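The values are calculated or read from the model by the stated rules, or taken from the named source; none is laboratory data. Computed from a prediction, not measured in an experiment: that's the story for all the values here. Cβ placement follows ideal geometry from the backbone for every residue including glycine, while neighbour counts extend to all protein chains displayed. In case anyone asks, the SASA skips ligands and DNA or RNA and just uses the protein heavy atoms, side chains included. Shrake-Rupley method; radii C 1.70, N 1.55, O 1.52, S 1.80 Å.
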Amino acid sequence: MKREETNAPVTRTNETADRQGSGSAAKKSGAKAAPADIGTIGMLRWAWRQLTTMRVALILLLILALAAIPGSLFPQRIQDPGRVTRFIEENGRWGEILDSLQVFDVYSSFWFSAVYILLMISLVGCILPRTAQHWRAMRARPPKAPRRLTRMPGYATFPLGDDDPADLLDLAEERLRKHGYRTARNADHIAAERGYLKETGNLVFHAAVLGTVITMAVGALLGYSGQRVLVEGDTFTNSLVSYDSFERGTYFDADRLDDYRLRLNSFTSTFDDEAIGNQFGQPRSFEADITAFHDGAETQHRVRVNEPIRIDGSRIYLTGNGYAPVLTTRDADGDVTFSGPVVFLPQDGVYTSRGVLKVPDASPEQLGFVGILLPTAALNDDGELVSEFAELRNPYLVMSAYAGDLGLDDGVPQSVYELEAENMAEVIDPAGVPVTLQLAPGETTDLPGGHGSVTFEGVQTFIALDIRHDPTQGLLLLFSTLLLAGLGLSLFIPRRRVWVRVNGAEVEVAALARGEDPRVEQTVEDLAVELND
Amino acid sequence: MDVDYELASWSNLLTYSAMAVYAIAFIVYAFDLFGGQRLRSTEAASGDRKATASARGAGAADRSGARADARTSARSGVRRTSRGASVAVLDEADTTTAEAPASGGPAGGAGSGGRGGVKGRASGGDAAEALDLGPRSRKLARIATSLTVLALVLHVGAVLTRALSVMRVPWGNMMEYAMTAAAIAGIVYLVALRFRDMRYLGTFVTGAILVTLGVCITVFYTPAAQLVPALQNYWIYIHVPIAILSTALLSVSAALALFQICKAWSESRGSSRRLAFMDRVPSSGDIEQVSYRIAAVGFITWTFTLIAGAIWAELAWGRPWGWDSKEIWTFVVWVIYAAYLHARATRGWGPTKVAVLNLIGMASLVFNFAIVNVYFDGLHSYSGI
Ligand code: HEM
C-alpha cells in the first residue's frame, strides 16, 4: 500500500490493518514519546509497536548503511590482522580508542550487531502479522464495491441498453476470471481482485532476507577456513597441524576434517610483456597442477583463480603465489646446516619479494637472513637495483645476515616471515661494514667471521591455498534465489480491485490499484469497451 | 596476449567523435530547455485543459489510423474518467499540429480518448505543459535527440571496437566499465523516450555521458589488454553487465529525481521567470513515478548483481561474503535503495525527501565506483589505474 499522493490517488480506505501499525493516529501526528503510566508491559508493547513501524524500519536501514561504512575506511581484522596491528601502533592512543570502539571489527561489533538485530526483530514483527493478514485476505471474498465508484482512480460508464443486467454481470465475471481476477457476485455488482502474488512476493522477500542473515550467522558457527603455503613438490595432508593458519567456527568439530592429501606438482604464471602503459606486466594466467589423494584414488587437478578443487565438503582455492629461492647454508667446515626452498612473499606487482631464512643449526652462532628477491633485476634511472618484471628472467637475491640467538626456544611462536633480531648482531665484514650478500642463481658467497657460506641454488614457485568448509551454502543460495524472486513479484505484479456495477440504466466499471500500477485506467477502459461490445 | 592495437586506436578515435557529437547534442538540448522560447502562462494552459483531453484523443486517432476509427463506432458511448495518475505527455508524433500537440504513450492512459464518443475528463493537470511546447522548441529537441542517436552509434562503435581489439567483453577495467555503462544509460534514455517524452532530460543525459567519456579517455584511461586471472571466469558475463545495467538505470532514475525536486520546488513557488524552463517539464508527481519505476528495475538488477557477486566471490575466494571494501559499498548502495523503496511507502516521507534518498543512493553508487575502486584496498583490485 502506498502513501497517498495527489497524483497517485490510492486510498487506504478499504484497508483493515495498515502496515504503519494499526492505531497509528497518535504516531502520525508525531507523538513519538511513550505515554506515561503504562507500566513495564505497556512500555514493552509500546516499544514493540514502534520497532515494527515502517518508519523505524526505514531509519534502521539508513543507520545500517551508515554503520557498514567504517569497515571500508579502517583495516579490518577479518581481512588483515597484521594491518590492524600496524595501524594501531602507528596511531598510538587514537588507535587504541578506535580499537575499544571495535572499529577494526565492525561487522562483529556491538553497535553494528545491535542495528541489524533490531532490524531483524523489526522484520519478524512485520512479517508475522502481515502473513496472517495476507492469509485471511487470500481466502476472503473480494470486498464489496464502495458506494461512490466515481472516486476510484479508474472509472468508466456506459449505458446498459437492452441487455439484461444479470447477463452483463455474468459476462463481466467471466471476463474478469479470464484475466486472473478472483471474483465475487453481489446483488448489483461484481467485485474482483487480482495480484495477491504481489504481497506473497513481498513476504517471501522479507522472509528470505531474514533467512539469508540467519544462514550466514549459522555458517560462521559451523564452518572453518585454513591457509597453507605449498612449494612445488610439497604435499599437504588435511589435518589441523598442517595448516599455517586456521579459523574455526564455534561448533566446528576437528574430527570432521575430510581425509585427503594434496601435492603441488608445478605452478606456472605468465605476465603481459606486450601490453603498453599500466597494463604491461599485469598477470595473465596462474595455473597450479595438483594431484589429490582421496579415498585411495588419485586425481589430477588444474587449479586456477576461479576454479577451486572440491573434495567432499571442502573447497580448495588458489589465492596466492610467489617465489621461493632455494638456499643452502654451510658452516665453516662445509657441512650443510640448511638446504631448501624459502618462501618469499611478493610485495608488489613486479613480485619484488621479501623473505627470511632462519638457520638454528648454524655454528658457531645461529644465523638469520633477511632477503629481497628481484625476479627480473635491472638498474633503474637512479642506478638502484629493482625488479622490472614479475617473471623470473634475471633473478637476483640481496640479503643481509644476522648472527646470534634466533629466540626460537622461548616457546613464543614466531612468524616465519619475520626475523626477531633483538638478540642478534648484523654480520660485518673486516672493515666493520655490515655485509650485503648479492647472489645470482648458482652463486655462493662466504660470510665473514667464520660463519660459513650461502648458496643461491635456484628458484621454485609456491602457491597459497585457502581451504574452506561451509555446510550452509546451499541454503544460502536457496534463500537468495527466493529473495530475488520475491522481490520481482513484489515490484512488478500489479494488485488491483475492479468492480462492475449495474446502476440503473448505467453500467459502472471502476478500479483501485494497490501499490504501483500504471495500467489501472487502461484496465477499466478496456473492460468497459469489452463489455459494451 | 593478442591485442589489435589498430582497432584499439579506432576505438579511441570513435570515443572522441562520440564526445564531439554528444557535446553538440548537449548544446541543442540546452537551447531546447532553457532557450529563448516564450512560454504561455500556466493560466492559459489550464484553461485549455479540456481541449487537451479531446485533442489528445485526436492525436491518438491520428496515430493508430484507420483501425482506431473502425473501433470508434463499435465503442461509442463509453465514458471514461481519468484522474491523470500517469497521463503521459509524449509527442512521438512531432508532426502533430498545434491543436493536438501531445498524445499518450503506451505507459499512460492518455491517447485512449480516440475511441470515439468519449467524454474525457483529465484532472491531473499534467497535460498543461504539453501546450507550452511550441513546434519550434520541439524541433530543437528532435534535432538534439537525433544527434544523441548518432553519438550513441559512435559510442557503441567505440565500445565494440574496443571489445574486438582484445576479443573479450568490454568491461575488464574501470575505463571500459564506465564507457559501457554510459552507452547503456544512453540506450535506457532513448528506450524510455519511446514511452514518455523525457527529452527535458536530454541536457542532463548527454552532459553526463560526455563527462563520463571524458574521464574515461583521460583519468581512467587504460590501454587495451587481456584480463587478469581473477576476472577470467564466465561470471564476468553475468555479474558485470548486470551491474552496468543497474548503474545505467539508477543513473537515469537519479537524473529524474533531480528534475523532480527542481520541479516540485518551482511548483511550490508558482511561475517565475528564471524557472520558466521548468514549465516544459512534466509535473513532479509524474516524474516521480517514472523515476520510481526505473529505480525499481534498477534495484532488482542491483540485487541480482549483489547475489551474483557473492556467488562469484565464493568461486574465487572461497566465501560468498567477506566484507571486502567493494562488497561493503555494494551492500551500502543496496541498503540505501531499499530504504528509498521503503520511504516511498512510509507516511511522513514526502516525494521530495524520497527523491533525496534516491540521490543519496546515486552518490553512494558513484562513490562505490569512482572512489572505492581507486583508493580503497581490497580484493577487487583491477581498476586498471
Ligand atoms: C533488512 C531489512 C529490510 C529490507 C532489506 C527491506 C527491503 C524492502 C524492499 C527492497 C522493499 C521493496 C519491495 C516493494 O516495494 O514491494 C520492501 C518493501 C516493504 N517492506 Fe521492507 N525491508 C526490510 C525490513 C522491513 C521491515 C522491518 C518492515 C516492517 C516494518 C518492512 C516492511 C515493508 C513493507 C510494508 C513493504 C512494502 C512497501 C510497498 O508496498 O512498496 N520491511 N522492503
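Some observations on this one:
- Residue among A:172, A:98, A:108 farthest towards the positive dipole end of the stretch A:91-184, charges placed on Cβ: A:172
- Flagged links, alpha-carbon separation over 31 Å, of A:178/B:263; B:326/B:353; B:139/B:263: A:178/B:263
- Our estimate of slack between residue A:426 and residue A:274, defined as 0.36 nm per intervening residue step minus the Cα-Cα distance, is 50.5 nm.
- On the basis of the beta-carbon distance and an R0 of 30 Å, residue A:410 and residue A:66 show a calculated FRET efficiency of 0.10.
- Among residues other than residue A:294 with Cβ under 9 Å from its Cβ, the summed charge is -4 (Lys and Arg +1, Asp and Glu -1).
- Distance in nm between pseudo-label sites at residue B:139 and residue B:191 (7 Å out along the Cβ direction from Cα): 3.3 nm
- A full extension of the chain between residue A:73 and residue A:378 corresponds to an added length of 106.2 nm, given 0.36 nm per residue minus the alpha carbon distance.
- Environment charge of residue A:239, counting only residues whose C-beta is closer than 14 Å and scoring Lys/Arg +1, Asp/Glu -1: -1
- Over all other residues within a Cβ to Cβ distance under 12 Å of residue A:388, the charged ones net out to -4, with Lys and Arg as +1 and Asp and Glu as -1.
- Taking every protein chain into account, the accessible area of chain A amounts to 48 square angstrom per residue (probe 1.4 Å).
- Shielding score for B:217-228, defined as the mean number of other chain Cβ atoms within 10 Å: 4
- Whole-Hz couplings from phi, Karplus 6.51/-1.76/1.60, listed for the stretch A:424-433; x for Gly and Pro: 10, 10, 5, 6, 10, 7, x, 7, x, 9
- Qualifying trypsin sites (Lys or Arg not before Pro) in the stretch A:121-201, where qualification requires a DSSP coil assignment and no more than 12 other C-beta atoms within 10 Å, comprise A:147, A:148.
- Label sites at residue A:444 and residue A:299, each approximated as a point 7 angstrom past Cα along Cα to Cβ, lie 4.6 nm apart.
- Positive-end residue, the stretch A:309-450 charge dipole about Cα centroid, Cβ charges, pick of A:425, A:323, A:366: A:323
- Probe 1.4 Å, protein heavy atoms only - accessible area per residue of the stretch B:200-307 in square angstrom: 33 Å²
- Carbon/sulfur fraction of accessible area - chain A, other protein chains in place, 1.4 Å, %: 55 percent
- Here is the list for the stretch A:168-269: chymotrypsin sites (Phe, Trp or Tyr not before Pro) lying in DSSP coil, each with at most 12 other C-beta atoms within 10 angstrom of its C-beta, are A:251.
- FRET efficiency estimate (nearest 0.05) - Cβ-Cβ, residue A:481 to residue A:386, R0 41 angstrom: 0.25
- Straight-distance candidates among the aspartates and glutamates for linking to residue A:144, with alpha-carbon spacing under 16 Å and chain neighbours fewer than 8 residues away dropped: A:15, A:173, A:188, A:193, A:508.
- Loop-located GluC sites (Glu not before Pro) in the stretch A:254-357, at most 15 other Cβ atoms within 10 Å (DSSP): A:274
- Taking the stretch A:430-467 and a reference point 7 angstrom along Cα→Cβ of residue A:398, the backbone N atoms nearer than 16 Å belong to A:434-441.
- Area buried, chain B against chain A - accessible surface, total, 1.4 angstrom probe, square angstrom: 7200 Å²
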